[in-house]
1. So who's got an amide H within less than 5 Å of the one on LYS306, skipping anything under 5 residues away but keeping other chains? H placed 1.01 Å off N, in plane.
2. Given points 7 Å out from each Cα along the Cα-Cβ axis, report the ASN121 to ARG177 separation in nanometres with one decimal.
3. Given a 1.4 Å probe, how much area per residue of the stretch 173-220 is accessible, in Å²?
4. Accessible area, 1.4 Å probe, largest first: how do ASP363, ASP371 sort?
5. Enter the accessible area of TYR162 (Å², nearest 10), with the probe set to 1.4 Å and all protein chains included.
6. Tell me, what HN-Hα J-couplings in whole Hz come from the Karplus equation 6.51 cos²θ - 1.76 cosθ + 1.60 at θ = phi - 60° for each residue of the stretch 147-157, using x for Gly and Pro?
7. Percent of Cα-Cα pairs more than 25 Å apart in the stretch 30-156, please.
8. Kirkwood hydrodynamic radius, computed over distinct alpha-carbon pairs, for the stretch 172-213: how many Å, to one decimal?
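The values are calculated or read from the model by the stated rules, or taken from the named source; none is laboratory data. Computed from a prediction, not measured in an experiment: that's the story for all the values here. Don't worry about glycine lacking a Cβ; one is built from the backbone with ideal geometry, like all the others, and counts go over all protein chains shown. The protein model used for the area step is the full one, side chains on, heavy atoms only, and it has no ligands, DNA or RNA in it. Shrake-Rupley method; radii C 1.70, N 1.55, O 1.52, S 1.80 Å.
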Amino acid sequence: MSLCHSKKFRLLLLAALVCAATARGLSHEEAQQLWGARTRAASAAAAARPLRYLTFKNFDANETLRSAAARAGIRVGAALAVAHLQNASDPLFSRTAAEEFNLAVAENECKYWSTEPTRDNFTTSNCSVVVDTMRAAGGAARLHNYAWAGANPGWLYPKPAYSNATLLGILQNHIARVGGAFAGQVVQTDVINEPFSNTAPPNPETHDLYLKPMPPWYPAIRDYIPLALEAARAADPTSLRYINDYGAEDLGVKSSLVYNFSRGLVAASPGLLQGIGLQMHVDVDAYPDPIEVAANMKRLGELGLKVSVTEMDVRCTPPCGADRLALQAKIYGDVVEACLNNSGVCEGVVTWGVTDAFSWLWDFENPHHEDMQPLLFDVRYGKKPAYYEVLAVLQMAAERRAAPQACRDRFLWPFSAASIWNSPIGAGATYLPAGIYSTELPTEIHNDQVRFQRAKPPA
Ligand code: XIL
């Protein structure tokens, strides 16, 4: 029998197609639509200020990220792929992962099609490699993810489709088994990945205020989010239950949807949802204003939720010379600072990969297969300006944290963006254009609505 006639091969092909068609992130075009105009001013300002690692007098280039992050009180993580961890001819990958980071997430190995490739047949060994490797190195792991439109095996889409009740049972069983396998071993779990609508409410496809279609789960299972969160709590009560999404990092339509949805869920079922993941796939040419990112984290924190930056990379479309790499460094630094300025709310920052040699952006929306140089280490594991900037920001925060409170209040708070935001003079949204940044749902968000509708519709 030829390869193409093999049933297994055809199933795999179907699964690959389904995944390719539905796996999402924020494309270059969408990032431009979302942030391009609003961030031109921010990047002009960023270009005018120096890199912190060149000016911070106590900068120690030899400390590791994980050491500085621990001193600063957050985690610093990376998405890891088993193929790279196990590649004996590239020992720098494992070494860099273990030495520099203290949080790991499997890039693909804990997703649905890896962990339940055929119905009720669970294979968690590759997912375990990532979790165990980081735990053995003294770090922690996050689990990604249970319910998503991407990375689903073909068997989830039979014709005719499963009944809604059967689908719910399938999802609950998946969560019970995978969550149970890692109970007590992971600190955060992306229970739901990328559920939120990119359009202003209601989403015309689902008539839902907040959610976009997420086949096969939604709209088939109307309450799939609380039901999945409940299943996750039963499987592992200790891992913090997150919803993770892209394009909702700043103060815009989508982040307001996330905020309002979360507020409703927290009120209806206290303790069920515990965290919001801000993916942070951004672009040197289009990225969210860090002051808004800090403010978004703060308002989510006020709901009693944690937040994490879960998949950060900063695409630098060629030509990407020293100037653009310096801007990239500042973007990384600013996001880490936004996290640090929300202490007790923001748990850490995870980059979506370790080295530019292996980034998903080699393939995603990249027809000429160019190096987008999105990560902290270059293709030879050299430390980039972005690496040093993150290190400097962590070290500056560690120093502030160690400083006596009185000194901190007197000298440091006036200089931090988030402190100004939090201070009486900042007074919340008063200096932002009225309406657009409202945390309330309807009417005032027409500007963003227009912008979102021009963006490419979600697959
Ligand atoms: C990506 C992986 O990096 C790729 O290897 C895979 O082919 C597709 O998925 N948002 C997410 C991640 O939540 O799971 C995605 O990971 C990137 C976008």
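1. GLY275, ILE276
2. So the label points at ASN121 and ARG177 sit 1.0 nm apart.
3. Normalised by residue count, the accessible surface of the stretch 173-220 is 31 Å².
4. Accessible-area ranking of ASP363, ASP371, largest first: ASP363, ASP371.
5. Roll a 1.4 Å probe over it and TYR162 shows about 50 Å².
6. With the stated coefficients, the stretch 147-157 comes to 10, 8, 7, x, 6, 9, x, x, 5, 6, 10 Hz.
7. Value for the stretch 30-156: 49 percent of Cα pairs lie more than 25 Å apart.
8. 12.3
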